[in-house]
Amino acid sequence: MTWLLEPPFHSHIRRSEYHFSAPLPRFRCSALPPEPETESLVLSPDGPKERRRIVRLAWEKLVRWSRSLRSRAKTDVLERTNKIVVLGGGSFGTAMAAHVATRKSQLEVNMLVRDHQVCQSINEEHYNCKYFPQHKLPKNVIATTDAKAALLGADFCFHAVPVQFSSSFLEEIADYVDPGLPFISLSKGLELNTLRTMSQIIPKALKNPRQPYVVLSGPSFALELMNELPTALVVASKDKKMANSVQQLMASKNLRINTSSDVTGVEIAGALKNVLAIAAGIVEGLNLGNNSMAALVSQGCSEIRWLATKMGAKSTTLTGLSVTGDVMLTCFVSLSRNRTVGVRLGSGEKLDEILSSMNQVAEGVATAGAVIALAQKYKVKVPVLTAVARIIDNELTPTKAVFELMNLPQVAPI
């Protein structure tokens with residue numbers, strides 16, 4: 001399956017444009033090596049031993065470096081943190097609450113939920129009966145439906161409410177939010193009508209443009225976090241000290257936290273990869289094969305890069321956890337909600353039926369239309385992501401979308 005490719009690099013570089021500070025080294029040509037059929041290669045007896053020694057020394061050096069850094073790592077943020085609040089009782093909010101609670105047994109972790117049954121289940125049985133009925137939560141995780149009680153005295157706030165409901169939710173609780181309370185957003189997507197990201201939604205809804213803000217993103221399924229499997233995420237904030245504080249708060253033996261200052265890149269990538277995951281699921285549902293899947297995801301990554309860079313994202317962000325890592329996880333693994341929606345669309349199911357049967361939100365469905373509007377605003381062509389939006393709007397069938405994409409001109413949008 002052939003997709004659009006990026007513009008080829010031009011090689012019209014004059015010889016005079018190369019500058020060398022020293023003459024190029026000269027090499028002497030020796031006799032050609034013997035043909036494999038006539039003579040086998042004989043390694044020196046010390047060859048394998050020397051290689052193993054080099055590898056062992058390299059590993060030991062890495063371990064010493066790691067121990068040295070850990071010994072100097074600051075832990076005062078966790079030590080002086082007494083209360084955390086998690087807004088939302090969904091799967092990822094629950095997983096994050098459980099993770100932070102295990103970092104310090106004296107830490108009070110409050111989950112603000114709407115479902116009274118979930119609230120009762122967490123407080124009495126220490127299970128989230130709706131999302132993790134098999135995973136026992138730490139006893140210092142407490143659920144409540146009282147926003148004032150949950151937010152009172154909190155040191156950090158994890159926002160895990162779906163993007164499309166965040167504005168109204170935050171407006172309801174704004175009176176109880178301390179203006180200096182750091183918000184760590186776990187929500188990925190764009191607000192449908194306004195095209196706003198969470199870094200724009202939160203201060204607007206709270207009527208505080210200086211509300212401390214951090215976005216957390218990267219390849220992570222809530223189930224694997226609950227099972228304490230090794231995971232790596234990135235936290236991004238314009239305030240470097242704030243990003244470092246969140247890193248200290250969250251990093252553990254099974255969770256690595258990288259820091260970044262590129263809030264735009266991390267947020268946009270987190271929104272767009274959900275739409276691309278739907279496209280990947282459609283390819284799977286149509287049984288188009290591995291070649292098609294690789295081509296589609298590659299093209300989708302290019303589209304994410306084109307739009308994100310136009311919006312000011314850094315190139316280093318686009319090759320890191322929040323893009324490459326998250327795309328790999330969301331597009332290729334069956335635990336992905338957005339990919340699942342795509343698989344079912346490709347298999348012929350109707351969108352309404354799919355969404356009504358799910359107990360979790362697939363953000364890519366609502367985000368798709370916003371992504372296209374954003375791409376038009378920045379004058380970027382995104383064929384794959386546009387096709388997903390058309391399929392979601394029921395204006396194009398998955399099969400027809402594939403045909404249309406295959407017949408686009410063999411040139412890349414600029």
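Data overview
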quantity	calculated
The range 266-407: relative contact order as a whole-number percent, Cα under 8 Å and 6+ apart	36 percent
Alpha-carbon centroids, the range 352-387 and the range 269-346: separation in whole Å	12 Å
Fluctuation leader among R51, R210, R339 - the chain, Gaussian network, Cα springs under 10 angstrom	R51
Peptide ranges 128-138, 86-96, 353-363, 103-113 listed from the most packed, as the mean C-beta count within 10 angstrom indicates	86-96, 103-113, 128-138, 353-363
Carbon plus sulfur fraction of accessible area for the chain, probe 1.4 Å, in percent	54 percent
Total formal charge among the other residues, if their Cβ is under 10 angstrom from that of T197, Lys/Arg +1 and Asp/Glu -1	0
Cα lying deepest toward the dipole's positive end in the chain, options M406, F158, G180, charges on Cβ	G180
Cα gyration tensor, the chain - rounded (a/c under 1.5), prolate or oblate	oblate
Three-way shape call for the range 76-261 based on the alpha-carbon gyration tensor, with the a/c threshold at 1.5	rounded
Over the chain: helical MRE at 222 nm, DSSP H runs n ≥ 4 each giving -39500 (n - 2.57), nearest 500	-14500 deg cm²/dmol
Taking the chain and dividing mean pair separation by its residue count, relative contact order in percent (alpha carbons under 8 Å, at least six apart)	16 percent
Solvent-accessible area per residue for the chain (1.4 angstrom probe, square angstrom)	56 Å²
Cβ-based net charge around Q106, under 12 Å, with every Lys or Arg adding one and every Asp or Glu removing one	+3
Cα gyration tensor shape for the range 245-292, rounded if a/c is under 1.5, else prolate or oblate	prolate
About the Cα centre, charge dipole magnitude for the chain (Lys/Arg +1, Asp/Glu -1 at Cβ), debye	1640 debye
Charge tally in the Cβ shell below 14 Å around M311, where Lys, Arg are +1 and Asp, Glu are -1, M311 excluded	+3
Long pairs among K273/K310; K240/K310; K310/K400, criterion Cα-Cα beyond 20 Å	K240/K310; K310/K400
Charge dipole magnitude, Cβ of K and R +1, D and E -1 - the range 76-261, Cα centre, debye nearest 20	500 debye
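The values are calculated or read from the model by the stated rules, or taken from the named source; none is laboratory data. These numbers come from a predicted model, not from an experiment. With ideal geometry, Cβ positions are generated from the backbone for all residues, glycine too; neighbour counts draw on all protein chains shown. Protein only, heavy atoms only, side chains kept; ligands, DNA and RNA dropped before computing areas. Shrake-Rupley method; radii C 1.70, N 1.55, O 1.52, S 1.80 Å.
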